[in-house]
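Quick notes on the structure that follows.
Since every read-out is calculated from the coordinates, none of them should be taken as a lab result. For clarity, every value in this text was computed on a predicted model and none was experimentally measured. Quick reminder, even Gly has a Cβ in these numbers, built from the backbone with ideal geometry, and neighbours come from all protein chains shown.
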Amino acid sequence: MTRANRKRGRQRARFTPLRAVVRRIAAPALTVGALLAGGWWLNGALEVQVWQVEGDASVRAMTEAAMQRLLGGRNDLWHTWPSRVRSALLAEVPDLADAQVSRRLDGVLRVRAIARKPVVLWSRDDAVWLVDGQGTPYRPLRKGEWPDLPLLRMDQDQLTHAIGLLAAIQRLMASRMARISEVHHLPHGWKLILSHGEMWLLPEQDWRDRLPRLAEVLRQPRWRQRYFRIDARDDRRWYLRLARQQGVI
């Protein structure tokens with residue numbers, strides 16, 4: 001073999017591994033490129049042509065306004081993916097308990113808005129908050145807004161306990177429940193303020209045993225049409241006296 005042939009052989013030996021590397025990465029690179037191109041095309045091809053909001057009337061307008069802000073004309077597949085839209089709506093509209101989002105193949109995006117139901121109000125610092133049935137404060141009251149709900153004055157960690165107490169009163173004494181205006185958490189009990197100057201003091205832990213007995217007493221004809229200040233915190237003796245319609249409890 002001549003010197004020139006040996007030199008060309010060494011050059012082929014040096015460049016053969018490089019060509020092998022190129023061959024190994026070419027196919028995956030082409031595959032990735034094809035997938036990216038296909039994804040880009042699909043993202044634009046599956047644009048939403050129209051979106052619709054239905055569901056509870058109390059949150060429909062807020063949900064529509066939130067959809068306008070969230071999408072802003074970005075109707076491609078990425079921005080209108082149902083789980084993405086749902087998460088954004090729940091973060092944007094605190095009055096939503098849930099948003100059921102679905103896409104149709106004809107380019108229609110449907111949102112079913114489910115309103116959160118406030119069950120009590122909660123006084124916190126200088127604001128009053130709406131609280132749902134899970135004990136979650138979800139937004140402060142707006143100017144001029146004041147729903148007819150009991151006002152709770154307590155720390156946040158007591159909200160779920162107070163809501164459980166009110167739910168029990170609703171089951172046992174619905175007519176009295178409608179007259180409860182405030183609930184206070186005391187160091188060793190609960191204070192409930194009702195209309196007509198009525199007030200109840202209940203133990204912090206044993207109220208579940210006392211409420212059925214209290215409901216039975218207040219259902220009796222001699223007590224049913226009257227209003228009382230009741231202290232039921234003692235195990236053996238309760239204190240009842242007629243409530244005054246004037247003055248502060």
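Numbers for the structure displayed
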item: Size of electric dipole in the stretch 118-242: Cβ of Lys, Arg +1 and of Asp, Glu -1, about Cα centre, debye, nearest 20; result: 680
item: Cα-based shape type of the stretch 118-242, given that a ≥ b ≥ c are square roots of the gyration tensor eigenvalues and the cut on a/c is 1.5; result: prolate
item: Cα-derived Rg to Rh of the stretch 50-115, Kirkwood definition; result: 0.92
item: Where trypsin sites (Lys or Arg not before Pro) fall in DSSP loop in the stretch 143-182, at most 11 other Cβ within 10 Å; result: Lys143
item: Likely footprinting exposure, Tyr239, Tyr227, fewest C-beta neighbours within 10 Å first; result: Tyr239, Tyr227
item: Length released on extending from Ala61 to Asp125, taking residue separation times 0.36 nm less the Cα-Cα span; result: 20.1 nm
item: Loop GluC sites (Glu not before Pro), the stretch 169-249 (other Cβ atoms within 10 Å of the site Cβ: 16 or fewer; DSSP); result: Glu204
